[in-house]
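No lab work stands behind these numbers, since they all come straight from the coordinates. Here the structure is a predicted model, which means the values were calculated and not measured. Cβ sites come from the backbone with ideal geometry, for glycine too, and all protein chains shown count toward neighbours.
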Amino acid sequence: MLPLIFDTVKAAIGVDFKLQRVVRKATTKTSWSTNDAMKKTSQGGINPTSPDSVLNLWVVGAMTGGVIGYAQFPGGSPATDGVVILHSNL
């Protein structure tokens, strides 16, 4: 439900988000930094799925430096394209 404060500025922009799949991965890693390791299987994370057509979202248990999440700027490398969110902020 959209808060009433946004009622006068809302618009239908023709974008839909659908959950395509969920990949859960157990890890012994207790904290992640902003070096994109969670986006790389070789570093204990999970590689992005079809970044040209899918918004990839990584949810992590803890991040260093008080970071609660971050996203890559548009036009960056497809190998790290997506959004990282600290699980306690969902």
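Using a Förster radius of 41 Å, what is the FRET efficiency between THR30 and ILE5 based on their Cβ-Cβ separation? Nearest 0.05, please.
The value I calculate is 0.60.
Which of the lysines could a cross-linker span from LYS18 if the Cα-Cα distance has to be under 25 Å and same-chain partners fewer than 8 positions apart are dropped?
LYS10, LYS39, LYS40
Fewest to most neighbouring Cβ within 10 Å: what's the order for ASP81, ASP16?
Sorted ascending by nearby Cβ count, the order is ASP16, ASP81.
How high is the FRET efficiency between ASN47 and ASP16 when r is their beta carbon distance and R₀ equals 22 Å, given to the nearest 0.05?
The computed FRET efficiency comes out at 0.35.
Along the charge dipole of the chain, which of LEU86, LEU4, LEU55 sits closest to the positive end, that is, farthest toward it, with unit charges on the beta carbon of Lys, Arg, Asp and Glu (+1, +1, -1, -1)?
Farthest towards the positive pole: LEU86.
What is the Cα centroid distance between the stretch 66-89 and the stretch 2-21, reported in whole angstrom?
21 Å
Charges at C-beta only: +1 for Lys and Arg, -1 for Asp and Glu. How large is the resulting dipole of the chain about its Cα centre, in Debye rounded to 20?
The calculated dipole for the chain is roughly 360 debye.
Can you tell me the mean projection area, over all orientations, of the convex hull of the chain's alpha carbons? Units nm², please. All intermediate terms of the calculation are to be shown ahead of the outcome.
Working: hull surface 30.9 nm².
The number I arrive at for the chain is 7.7 nm².
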